[in-house]
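Report on the following structure.
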Amino acid sequence: MAESESRRKDIWGKLESFAKILAGFSAAVSAVLIPIFLNSYTEKNRQAEMFVRTMTEREKSDTDIRQSMFQNLLTGYLGAVKEDFVKADEESFRRRIMFLELLTINFQEFFNAKPLFEDVYAGLERKRVAAQSGADRKKWEDLERQIVRVSQNIVSRQAKMLNNIGTSAVFNIDKGEPICVRLYNRDDFATLRKRDGATPFQSFVPGHCNEQRNNGKGSNGSNDAITLAEGDTRRQSLEILPVAVDKAYATVQVSIYDDVFDGEVLQGSLLKGSLQFDVSYFDLPYMDNTKMSDGSRFSLILRGIEGDSVEIEAIRFRNDFMSLRDRPLFEEMLQKLEKGGG
């Protein structure tokens with residue numbers, strides 16, 4: 001009995017000694033690691049504050065520079081306009097075109113230069129009509145082509161950017177002939193079918209967009225109602241009808257449809273709205289676009305005119321496309337913070 005009691009005391013003594021050693025070791029480790037963790041946390045906060053401060057100062061500096069540049073360019077353009085009223089010669093028009101190009105390229109996200117382009121183009125048309133000789137007429141025609149080319153170059157760059165976050169279709173259409181344009185996600189065309197359940201979709205097809213049949217019933221004629229998709233999953237079409245064609249613009253009637261599907265088979269289209277407007281060479285898709293019922297936007301770009309036939313590009317893109325301009329900067333900052341934390 002005494003021997004058993006002695007063993008128990010010996011075990012407790014060893015455990016007590018081990019606990020003291022462990023406590024001392026833990027205290028020593030804590031004394032080393034805690035300052036390291038605190039320093040690491042402090043360094044991360046310091047880096048985050050530094051990045052935020054750098055970004056804020058950079059954006060402020062960029063804003064100041066752009067403001068000064070905008071004022072200088074606009075002053076130069078207005079000076080060219082003032083001189084134009086006095087001289088109205090070829091050189092003054094060339095300066096106006098140059099200033100317009102610089103303004104639009106540098107401030108295309110915030111500044112709609114379409115009215116200024118149209119004003120210069122109208123002035124060139126008046127000069128061409130009033131020309132007394134073939135040489136003078138050719139001079140003004142060359143300037144008309146130059147301002148159209150400048151605008152088309154800017155429009156092409158904007159369209160390419162919007163195509164990265166949307167979908168588009170390019171088509172030729174004659175005056176008085178409608179066309180139905182399906183502005184779906186690109187992947188949809190591989191799976192969706194027309195009413196026969198077999199024919200695949202194309203991005204556009206001559207003729208009207210089909211009205212819905214079956215009164216909202218399923219493809220088998222059942223009474224199960226077909227519901228429309230919501231938000232970004234909604235599928236919409238544009239019916240585009242040119243009603244007038246001129247040298248630099250076309251007037252179009254646009255009807256917006258919600259397309260109704262039963263599974264992957266089209267049942268029909270529901271008319272959601274209709275509007276008429278001009279599409280010109282000077283439409284800038286960043287600014288000249290229309291909001292659809294699902295919150296996305298579409299823009300029509302005039303690519304060319306030949307007689308009564310026009311070439312148009314229709315683009316559909318998300319409503320938040322403007323914020324994409326700043327996202328790479330924030331993503332870069334987050335990536336740097338993550339690397340610093342690793």
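The values are calculated or read from the model by the stated rules, or taken from the named source; none is laboratory data. All figures in this text were calculated on a predicted structure; none of them were measured in a lab. A quick note on method: Cβ atoms are made from the backbone with ideal geometry, for glycine too, and the neighbour counts reach across all protein chains shown.
Brief remarks on what is shown
- For V155, the test of being β-branched (V, I, T) and not in a strand (DSSP E or B) is passed.
- Residues that are part of a loop (DSSP other than H, G, I, E, B) and touching a residue at least 60 places away in the same chain (Cβ under 8 Å) were ranked within segment 185-194; the one that is surrounded by the fewest Cβ atoms within 10 Å (Cβ to Cβ) is T191.
- Filtered residues of segment 236-253 (kept if aliphatic (A, V, I, L, M) and either at pLDDT below 95 or within 12 Å of I173 (Cβ to Cβ) (or both)): L238, I240, L241, V243, V245, A248, A250, V252
Here is a yes/no grid of residues against (1) within 21 Å of S255 (Cβ to Cβ); (2) buried (at least 19 other Cβ atoms within 10 Å of the Cβ); (3) not aliphatic (A, V, I, L, M):
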| residue | (1), (2), (3) |
| --- | --- |
| K139 | no, no, yes |
| R149 | no, no, yes |
| M161 | no, no, no |
| G166 | yes, yes, yes |
| E177 | yes, no, yes |
| D196 | no, no, yes |
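- Scanning segment 157-202 for residues that are within 23 Å of G263 (Cα to Cα) and β-branched (V, I, T) returns T167, V181, T191, T199.
- One residue stands out among those in segment 248-267 that are surrounded by fewer than 21 Cβ atoms within 10 Å (Cβ to Cβ) and in contact (Cβ under 8 Å) with a residue 60 or more places away in the chain: the one that is nearest to the chain's Cα centre (by Cα), which is A248.
- Some residue of segment 81-89 being at pLDDT 80 or above and either assigned to a helix (DSSP H, G or I) or in the same structural domain as N153 (by TED's automatic domain parsing) (or both): yes
- Tally of residues being modelled with pLDDT of 90 or more and surrounded by 20 or more Cβ atoms within 10 Å (Cβ to Cβ) across segment 290-304: 5
- Residue check for V129: under 31 Å from the mean Cα position of the chain (by Cα) and part of a helix (DSSP H, G or I): no
- Checking each residue in segment 105-126 for being in a helix (DSSP H, G or I) and under 20 Å from Y286 (Cβ atoms) picks out I105, N106, K114, P115, L116, F117, E118, D119, V120, Y121.
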